[in-house]
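Each remark here refers to the structure printed beneath this line.
The values are calculated or read from the model by the stated rules, or taken from the named source; none is laboratory data. All values derive from a computational prediction rather than experimental measurement. Using ideal geometry, Cβ is built from the backbone for each residue, glycine included, and neighbour counts are taken over all protein chains shown.
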């Protein structure tokens, strides 16, 4: 009996001493394999990879998933990025076509501070494999304008600029839990159109995802987790235009011990990448 106890106990001790860099859970909090997540994403029309922008595990797995989805879908695969804004699309296209070098891309675009380490590998993979990349986000200064002065301020913009964003009369469902939380945060911070600004970004990203999708295309979109958690944000707007679209969401979560899933995150996404809070940050 003592020998049997030792056999049962040893795997637990070994696992607890391994200190995994991440574990993946499904929406119900059950641990699953990367292979299962990859299979679900390959069967979807669109995958939303919700990252923590400074989390290296998010960035590594987003690249690995991109490579694996490309093996399945080849030229049908389209990439979308919160990190690129609509006015940058033309320059991004020229880089993907090999018409401008990497240093000119860096000089011409408002690249995120962690672009070189975290997003350049994705863009360069797309360039190498001739995949389309969509700059889905609204230009930051217009989201800021809405935050500071409200929707009325957007009326003064030119028709050309308005084409690069969601219609300025876009709807906002303030009953969505993510938006309700933003409203509460805004109330404590004392001012600003925080919810409208966030929804403006979500609605714009949904617009350009929908616009770029073709009948047989497959899409992977990279965004901060808050934009797609609980099937809200971008997804709420996308489903208004494409109610039958099959989507899979991935989120990122940090906690002290990854071996035991935080129940408060049940339902956050179809797959939740759980990473130790002590994980090194990329910036």
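Here are the numbers:
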| item | result |
| --- | --- |
| Within region 172-189, considering residues that are closer than 21 Å to residue 225 by Cα and free of Cβ contacts under 8 Å to residues at least 12 places away in the same chain, the one surrounded by the most Cβ atoms within 10 Å (Cβ to Cβ) | 186 |
| Members of region 64-94 that are in a strand (DSSP E or B) and either farther than 18 Å from residue 203 by Cβ or free of Cβ contacts under 8 Å to residues at least 24 places away in the same chain (or both) | 77, 78, 79 |
| Residue in region 24-61 that is farthest from residue 282 (Cα to Cα), counting only those that are in contact with a helix residue (DSSP H, G or I) (Cβ under 7 Å, 6 or more places away or on another chain) and in a helix (DSSP H, G or I) | 42 |
| Residues of region 246-258 satisfying the condition of being over 16 Å from residue 50 (Cβ atoms) and either buried (at least 20 other Cβ atoms within 10 Å of the Cβ) or at pLDDT 95 or above (or both) | 246, 258 |
| Residue that is surrounded by the most Cβ atoms within 10 Å (Cβ to Cβ), among those in region 260-278 that are without any contact (Cβ under 8 Å) to a residue 60 or more places away in the chain and out of contact with any strand residue (DSSP E or B) (no Cβ under 8 Å at 6 or more places or on another chain) | 260 |
